[in-house]
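Notes to accompany the following structure.
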Amino acid sequence: MNNMTSPKSVLNTSQLSVYYGSFLALKNVDMAIQANEVTALIGPSGCGKSTLLRCFNRMNDLIPDAVVEGKVLFNGKDLYGSEINPTEIRSRIGMVFQKPNPFPKSIFDNVAFGLKVNGYTGKMDEAVEWALRQAALWDEVSDRLKKSALTLSGGQQQRLCIARAIAVQPEVILMDEPASALDPIATLAIEELIRELKQLYTIVIVTHNMQQAARVADKTAFLMVDDARGGYLVEYDATSKIFTNPSDSRTEAYITGRFS
Amino acid sequence: MKIRESFPERAENPISGTIVKYLFFLCVLISLLTTAGILYSLLSQAIGFFFEVPLIDFLTGTRWAPILKPQAYGVLPLVCGTLLVAAIAAVVALPVGLATAIFLSEYAPDKIRRILKPLLEILAGVPTVVYGYFALTFVTPQLQKLVPDMLVFNALSAGLVMGIMIIPMVSSLSEDAMLAVPRSLRYAAYALGSTRLEVSLKVVVPAALSGIIASFIIAVSRAIGETMLVTLAAGATPRMTFNVFDSIQTMTAYIVQLSLGEAPHGSLEYNTIFAVGLLLFVMTLIMNVIGHLVVRRWREVY
Ligand SMILES: Nc1ncnc2c1ncn2[C@@H]1O[C@H](COP(=O)(O)OP(=O)(O)O)[C@@H](O)[C@H]1O
Ligand SMILES: [Mg+2]
């Protein structure tokens, strides 16, 4: 938590709080996300994991009564500064959602969508193929790019959503429980993919599944919630440390399943 | 607690079950039979007409003068008038209605939406005769300031006001279709760096396209069938023209004119209204079939 000034940190929050109307959902979070690492956010339902994730690409702006207080720095620049264009930020910090949400368009058009809205001038075919290969989906769909994305299985749809996010080559990919709607085999495919992708991207993943955090994440943040103070960050450290030797007794209680 | 034991016997009474089923079916029959009845009355009386005026002459003739001698029964001037007014109305209502729907569903905060929607419904509820007088006594004089030799009765005023009249139909049906598009698709597009306009035009509108096209078709069918407004404001001069400043006559306005006149029942003049009515029926039917085909072709299922 003291690496705020480390040159490698891509996202830094300080005293970050989020309100929905008058409801305090997240309070005073300080954390730094390191480049080319996978950072997992774990904690019980309602502790503000998704809320925190949405602060990183300004998706909370789309929720009418959400108010973000405190600071988020992206590569050292104030993400909520007046000169920042949230639309542009979202093409540099991509997001994958809990439930696969491909557009009701062809597989090709799904991947090309972000390229088009960002005004990509290169060869569309090549970029789409590149993204689908990166998402380990190319071999399964190369012969049916014009088919509707909705003909794919759930796991394939989620990898398509990852391909769609990768296509615009963001620096950071935010994933909100990306495998929670998938069967175990599809889940393993996604985890494998995440390990591959961290070579090129910085990944922040929310997960409900502690084994998953242990399998994919370099760093893990544990959040909790109680009625009096909303969601807050309890402990943030190397994943191995969190899972074998946490410094906070509440973290230990959570990972050993003594409460959820 | 013995809950299950205090349930009464629930064997379905076979007789009442059957009665209910037929009662529902009877309700379905009412509209089916009415449609069949309309078709029968149109057909049976139009047939007499077509014995005397060949169908081909009716459909291709360019002069419509069923009362004045020498008589002519070419329906094209009426069709032309109808389509001219409907086209003007469509040019106004489709873009404005769709833009209204996009504003309501994608841009307006809840508060504004709650004020605007009832206002639009009021617009939809205004009697058509009021729109007719509005076209005749307000819009036409205003337009005449710009185009001095425009006639008092003209296609343009009627078409413009008809367009305004059907905007709520386009906007409210399109908005329903757009609100039904899952939020998750909008979030997906925003998360890729789309602007609100891109989300609206590239995700929401395509996903709602079948509903939007259906709204267009219902609105244009309404414009083709609308009677009072055009009777009051568009004139009673069957004319093959695309000049929007001219007085014209639509099919519906002709039917009103003749029904109010003195043509004796059963006469050839009188039967023209069934021939024209039948054609109107077929035109709206074709519109609907085209609509269904277009919707099936373009639909994005989500
Ligand atoms: N759009 C919203 N409006 C109001 N309250 C919300 C909204 N989204 C989340 N919340 C509330 O904020 C708290 C944190 O939610 P969330 O970030 O989704 O938690 P998590 O992802 O950890 O389950 C919860 O109490 C939730 O009910
Ligand atoms: Mg969540």
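The values are calculated or read from the model by the stated rules, or taken from the named source; none is laboratory data. Please read these numbers as outputs of a predicted model, since none were measured by experiment. Note that we place each Cβ from the backbone using ideal geometry, even for glycine, and neighbour counts take in every protein chain shown. Heads up: the accessible areas ignore ligands, DNA and RNA and are worked out on the full protein's heavy atoms, side chains in. Shrake-Rupley method; radii C 1.70, N 1.55, O 1.52, S 1.80 Å.
Numbers below:
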{"item": "Net charge over other residues, Cβ less than 12 angstrom from the Cβ of B:Thr128 (K, R count +1; D, E count -1)", "result": "0"}
{"item": "Heavy-atom SASA rank of B:Arg10, B:Arg113, A:Arg215 (probe 1.4 Å, accessible area, largest first)", "result": "B:Arg10, A:Arg215, B:Arg113"}
{"item": "All-pairs Cα distance distribution in the protein assembly as shown, expressed in whole percent, bin size 10 Å", "result": "3, 14, 18, 16, 14, 13, 11, 7, 3, 1, 0"}
{"item": "Charged-residue dipole, Cβ positions (Lys, Arg, Asp, Glu), the protein assembly as shown about Cα centre, Debye nearest 20", "result": "100"}
{"item": "Distance between modelled label sites at A:Thr121 and B:Leu33, nm, 7 Å Cα→Cβ extension", "result": "7.1"}
{"item": "Cα long-axis angle, helix B:14-52 against chain B (0 to 90 degrees, to the nearest 10)", "result": "20"}
{"item": "Estimated distance in nm for a label pair at B:Thr128 and B:Ser267, the labels positioned 7 Å out from Cα along Cα-to-Cβ", "result": "2.7"}
{"item": "In the B-A interface, the accessible area buried, summed over both sides, Å² (probe 1.4 Å)", "result": "1700"}
{"item": "Helix-only [θ]222 nm of chain A, DSSP H runs n ≥ 4, -39500 (n - 2.57) each, per residue, nearest 500", "result": "-9500 deg cm²/dmol"}
{"item": "Accessible-area ranking of A:Phe74, A:Phe243, largest first, probe 1.4 Å", "result": "A:Phe243, A:Phe74"}
{"item": "A:Ala66 long-range amide H proximity, modeled H, under 5 Å", "result": "A:Gly21"}
{"item": "Cα-derived Rg over Rh, computed across region A:9-255 with Rh taken as Kirkwood radius", "result": "0.97"}
{"item": "B:Met240 long-range amide H proximity, modeled H, under 5 Å", "result": "none"}
{"item": "Listed residues B:Ile167, B:Leu258, B:Met240: farthest to the positive end of the dipole of region B:79-298 (Cβ charges)", "result": "B:Ile167"}
{"item": "FRET efficiency, B:Phe245 to B:Val282 (Cβ-Cβ, R0 41 Å, nearest 0.05)", "result": "0.85"}
{"item": "Stretchable slack from B:Phe103 to B:Val91, in nm (0.36 nm times residue separation minus alpha-carbon distance)", "result": "2.5 nm"}
{"item": "At q = 0.11, 0.23 Å⁻¹, base-10 log of I(q)/I(0) for region A:150-260 (Debye sum, equal scatterers on each alpha carbon)", "result": "-0.41, -1.28"}
{"item": "Where a label projected 7 Å from the Cα of B:Leu55 along Cα→Cβ would reach, residues of region B:62-95 with amide N under 17 Å", "result": "B:74-76"}
{"item": "Whole-number accessible area per residue in Å² for chain B, which is evaluated in the context of all protein chains at 1.4 Å", "result": "54"}
{"item": "Gyration tensor (Cα) of region A:41-128, equivalent ellipsoid semi-axes in angstrom", "result": "27, 19, 11"}
{"item": "Accessible solvent surface per residue of chain A, calculated while the other protein chains remain in place, 1.4 angstrom probe, Å²", "result": "42"}
{"item": "Surface share of carbon and sulfur [accessible, 1.4 angstrom probe, percent] for chain A", "result": "49"}
{"item": "Probe 1.4 Å, all protein chains present, accessible-area order of B:Trp64, A:Trp138, A:Trp130, largest first", "result": "A:Trp130, A:Trp138, B:Trp64"}
{"item": "Rounded if a/c under 1.5, otherwise prolate or oblate - chain B, Cα gyration tensor axes", "result": "oblate"}
{"item": "Accessible area (Å², 1.4 Å probe, nearest 10) - A:Arg133", "result": "130"}
{"item": "Exposure of B:Ser41 as accessible area (Å², to 10), given a probe of 1.4 Å and all protein chains", "result": "40"}
{"item": "Neighbourhood net charge (15 Å Cβ-Cβ; Lys/Arg +1, Asp/Glu -1) for B:Ile102", "result": "+1"}
{"item": "A:Lys27 accessible area, 1.4 Å probe, all protein chains in place, Å² to nearest 10", "result": "80"}
